[in-house]
Amino acid sequence: MPIDEIGEQNGPPARPVPAGEPGSPTWLRRRRFLQATGAGLLAAALPATGAGISAAAVAATADFGPEPPLMHGYSGPQIKAWDPATDRYARYLRSRVPLATRIAPFEPAQARRGLDPRPRLAVLANDYLQPGWETEGYPYGPGAEAYALRFWQYADLYASWHGLPLDGRHDEANPPYGLVNLPNPGYTDAAHRNGVLSLGCWFWPRPENFAEIVEKTPQGTFPTADKLIAMAEYFGFDGYFINQEAVIPAAQATLLMEMLRYMARKAPAGFHLQWYDSLTVDGRISYQNEFNRVNSPWVGSGSDRINTSVFLNYWWSSAKIQASRSHALSLGLDPFEVVYAGSEIGMYRFAQPYDPRAIFPEGAEPRTSWAFLGSEMVWYTVEGDKTTLAAQAPAYARERQLWSGPAEDPSRSGRTRQPDSSRPLDPAGWDGTAHHIVEKSAIGKLPFATRFCTGTGERFFVDGIQVGDRPWFDIGVQDLLPTWQWWVRDAAGAPSTAVRVDYDHAIAYDGGSSLRLSGALGPSQSATVRLYKTRLTLAPTTAVTLVHRGAAGLTLRVGLVFEDAPAQPEWLTADGVAGTGWTRWTGGLGQWSGRTVAAVAVSLVSGTAGAQGIAVNLGELQLADSALESTPRTPSGFTVDRAVRAQDVASVYLSWDFEPDGVAHYDIFRRTAGGRKWLGRTYDGAYCLCALTRDADTATTLLELEAVSVTGRRGPAATTELSW
């Protein structure tokens, strides 16, 4: 994508950037990241921290062990020759989480009433951003310093926007990057759990012969396209973002269009190809900044569809957005399905010069869908130490501002002043994503369970007991997080700041975090927190379960908003016990059998003396059948495939027979004389213990594998041994 987007609305060539300034060629060469994206716009948004990888980054990389599974890019010839049997680590880099179905919109439960649910959102962003991220591609690992997106409810498409070095080239000073990078499987897991499509990224130019990439066989097939489809099916993602951003001969442009048409025709249903507004049909680069007759041939119309959608370059205006809508309609295309107007979040942050209100005019219907580039800026624009979850709090506050709006409350979105280019990190000039895009949910069938795990942690808990004492990151095990972050009201329905909501990484019931409600309430006051948007039809045996702690002296209630009476929530009081431990409360919902729950909330109510120093933790929330769920079977085939040792540390590759029915995830432990320690969690039949340390004076390490159901029932453990 263009290095610099400054210019008139019709998209003239980017102006030269003086040497040494962000965006200049010399500056860009100092950032290995740019070899991945070819996009100076993201580099210009990065903090000026110097060229090298920090000592902390080197130390963090070393913690990954002697040979962790590492993602890599693929050149054109490597794509055409791809075989999972010869692609090292491929078995350990798959996403097996199926794409969840999202529930239908229900306007009375929206945070912003009247908001049109038709516009969609595509997000191109870096994943994790852990130290050394310029060239690494870990799906999970040690250390808590990794960005794990907490807002999936607004995106419809997500692509890990970064390239990756070719296999075996990561350690080079200037490694060659692949034509394609696959999405991080951890991010695909989280995306799919929330009903979001996950895309790989195609980026050109690369130092290859493009004629080989668009090769067409005498039989009319395209080997590159066939393998790209096969890779998506094997690794478990949903398509590709095509960033073809260098001049090619007209004949090759024709072949590229034919190849993409072939790919769209042959790919499975739901496969998504998103085209970036750059290449013309005759092979030139010309950013249109609108959907028109120049770039619409790359989408097609009627039965001749090529790319599913187009990501418009950023220099649009209100007139161009309206023209884009009109052009889509003239071709018989849905402008919300096809046209995504791009915003450079990484460069302009909260001070967008191309105002999203051109896409979403106040008082009128929206015109197209929307797209972000660089939403991970919420992480890297917060400078300083981020090695602990506490130190990361400013980054996640900025994340809430990006998605929920400047008030960090999606029900109170909207700017409080006009955007100011001199204050790009002031959220007051930003409406918030929730101001324009309806929140979505995949909670449409029973059982539903969440333990509020964000996908990073400094320790790990199972059934309220700490079983891991090392920091970790793995967004692939992230729970369904609250739909609204944070929507808090008092008894009169007015916004309330008396009780604050956030994730607590110091204590959890299962995973690495719980939900914390803190603050103070006056005498007989209350605070209600809207949590989840749902569409759950209750049965006679349905029950709600809440695991909580710290509610002594308060009344803790669970609220259900029903579709047939959304203005009249039904409340159940969650019984608790005094003390510091976890309390499990279950309440039957049979009296509402046949009714459909549209939203779930919790409420704190103080007594006549009020409540100071509130510190309530929610460890688990579930709606499920009260009948006992089947216990998962003992996993079969659990074995050590291989181990790579470096003195007393090993990267241990494990596998077992993956049986997804009735299983939410698998947990891996090591058995010691003092009990067991958690080592990893996955929804798959393969996993690598990146850095397993040998216990002193032991010749073998006993490993255990448990299958766990949605509601938390644990089956008998399978065991295997690693001999040192």
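One table, with the values for the structure above:
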{"read-out": "Any hit, the stretch 118-134, residues being surrounded by fewer than 19 Cβ atoms within 10 Å (Cβ to Cβ) and modelled with pLDDT of 95 or more", "value": "yes"}
{"read-out": "Matching entry among ARG595, ARG557 (being of a type in the set (D, E, K, R), within 26 Å of TYR509 (Cα to Cα) and outside the structural domain of SER411 (by TED's automatic domain parsing))", "value": "ARG557"}
{"read-out": "Some residue of the stretch 215-232 being of a type in the set (Phe, Trp, Tyr), at pLDDT 95 or above and touching a helix residue (DSSP H, G or I) at 6+ places or on another chain (Cβ under 8 Å)", "value": "yes"}
{"read-out": "Condition broken by THR698, with the remaining ones in (1) part of a strand (DSSP E or B); (2) at pLDDT below 95; (3) of a type in the set (S, T, N, Q) satisfied", "value": "(1)"}
{"read-out": "Test: ALA159 is touching a Pro at 6+ places or on another chain (Cβ under 6 Å), within 20 Å of TRP275 (Cα to Cα) and outside the structural domain of ARG470 (by TED's automatic domain parsing)", "value": "no"}
{"read-out": "Verdict on SER411 being under 17 Å from TRP430 (Cβ atoms), buried (at least 20 other Cβ atoms within 10 Å of the Cβ) and touching a residue at least 24 places away in the same chain (Cβ under 8 Å)", "value": "no"}
{"read-out": "Residues that are part of a strand (DSSP E or B) and over 13 Å from HIS548 (Cβ atoms), drawn from the stretch 582-614", "value": "GLY588, THR596, VAL597, ALA598, ALA599, VAL600, ALA601, VAL605, SER606, ALA611, GLN612, GLY613"}
{"read-out": "From THR224, THR188, residue being touching a residue at least 12 places away in the same chain (Cβ under 8 Å), among the β-branched types (Val, Ile, Thr) and farther than 25 Å from PRO68 by Cβ", "value": "THR224"}
{"read-out": "Pair list, Cβ under 6 Å, 6 or more apart: the stretch 675-691 residue of a type in the set (D, E, K, R), other residue assigned to a strand (DSSP E or B) and surrounded by 22 or more Cβ atoms within 10 Å (Cβ to Cβ)", "value": "ARG681/ASP667"}
{"read-out": "Residue ID - surrounded by the fewest Cβ atoms within 10 Å (Cβ to Cβ), chosen from residues in the stretch 189-209 that are of a type in the set (Gly, Ala, Ser) and within 19 Å of LEU481 (Cβ to Cβ)", "value": "GLY195"}
{"read-out": "Index of the failed condition, PRO523 passing every other in (1) under 23 Å from ARG412 (Cβ atoms); (2) surrounded by fewer than 23 Cβ atoms within 10 Å (Cβ to Cβ); (3) out of contact with any Leu (no Cβ under 9 Å at 6 or more places or on another chain)", "value": "(1)"}
{"read-out": "Helices (runs of 4 or more DSSP H) (entirely within the stretch 263-350) containing at least 3 residues that are free of Cβ contacts under 8 Å to residues at least 24 places away in the same chain and farther than 14 Å from ALA371 by Cβ", "value": "318-330"}
{"read-out": "The stretch 297-324: number of residues that are surrounded by 19 or more Cβ atoms within 10 Å (Cβ to Cβ) and within 19 Å of ILE359 (Cα to Cα)", "value": "11"}
{"read-out": "Top-ranked residue in the stretch 683-724 [being among the charged types (D, E, K, R) and in contact with a strand residue (DSSP E or B) (Cβ under 8 Å, 6 or more places away or on another chain); ranked as nearest to TRP656 (Cα to Cα)]", "value": "ASP684"}
{"read-out": "Restricting the stretch 210-220 to residues that are within 11 Å of GLU258 (Cβ to Cβ) and not basic (Lys, Arg), the residue that is surrounded by the fewest Cβ atoms within 10 Å (Cβ to Cβ)", "value": "GLY220"}
{"read-out": "Count of residues meeting criterion [under 22 Å from the mean Cα position of the chain (by Cα) and either part of a loop (DSSP other than H, G, I, E, B) or in the same structural domain as THR388 (by TED's automatic domain parsing) (or both)] in the stretch 451-467", "value": "7"}
{"read-out": "Complete set of residues in the stretch 333-378 that are in contact with a strand residue (DSSP E or B) (Cβ under 9 Å, 6 or more places away or on another chain) and over 22 Å from ALA125 (Cα atoms)", "value": "LEU333, PRO335, ALA358, PHE360, ARG367"}
{"read-out": "Some residue of the stretch 168-188 being surrounded by fewer than 24 Cβ atoms within 10 Å (Cβ to Cβ), among the charged types (D, E, K, R) and at pLDDT 95 or above", "value": "no"}
{"read-out": "Unique match (being buried (at least 21 other Cβ atoms within 10 Å of the Cβ) and in contact with a Gly (Cβ under 7 Å, 6 or more places away or on another chain)) among ALA498, ALA508", "value": "ALA508"}
{"read-out": "Flag for THR188 being within 30 Å of PHE448 (Cβ to Cβ) and in the same structural domain as LEU99 (by TED's automatic domain parsing)", "value": "yes"}
{"read-out": "Number of positions in the stretch 142-185 that are over 15 Å from PRO69 (Cα atoms), touching a strand residue (DSSP E or B) at 6+ places or on another chain (Cβ under 9 Å) and among the hydrophobic types (A, V, I, L, M, F, W, C)", "value": "11"}
{"read-out": "Only listed residue being free of Cβ contacts under 8 Å to residues at least 60 places away in the same chain, small (Gly, Ala, Ser) and touching a helix residue (DSSP H, G or I) at 6+ places or on another chain (Cβ under 6 Å), chosen from GLY432, GLY476", "value": "GLY432"}
{"read-out": "Residues being at pLDDT 95 or above, within 25 Å of ALA449 (Cα to Cα) and not acidic (Asp, Glu) - total across the stretch 632-675", "value": "11"}
{"read-out": "Any chance GLY429 is more than 21 Å from PRO394 (Cβ to Cβ), surrounded by fewer than 23 Cβ atoms within 10 Å (Cβ to Cβ) and not hydrophobic (A, V, I, L, M, F, W, C)", "value": "no"}
{"read-out": "Per-region count, the stretch 557-581, residues more than 30 Å from PRO105 (Cβ to Cβ) and in a strand (DSSP E or B)", "value": "1"}
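Each row is one residue, and each column tells you yes or no for (1) touching a strand residue (DSSP E or B) at 6+ places or on another chain (Cβ under 9 Å); (2) loosely packed, with under 15 Cβ neighbours inside 10 Å; (3) on the phi < 0 side of the Ramachandran plot.
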{"residue": "LEU255", "(1), (2), (3)": "no, no, yes"}
{"residue": "ARG265", "(1), (2), (3)": "yes, yes, yes"}
{"residue": "LEU279", "(1), (2), (3)": "yes, no, yes"}
{"residue": "ASP282", "(1), (2), (3)": "no, yes, yes"}
{"residue": "HIS327", "(1), (2), (3)": "yes, no, yes"}
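The values are calculated or read from the model by the stated rules, or taken from the named source; none is laboratory data. The shown structure was predicted, so the numbers you read here are calculated from the model rather than taken from an experiment. Reconstructed Cβ throughout: ideal geometry from the backbone, glycine too, with neighbour counts over all protein chains shown.
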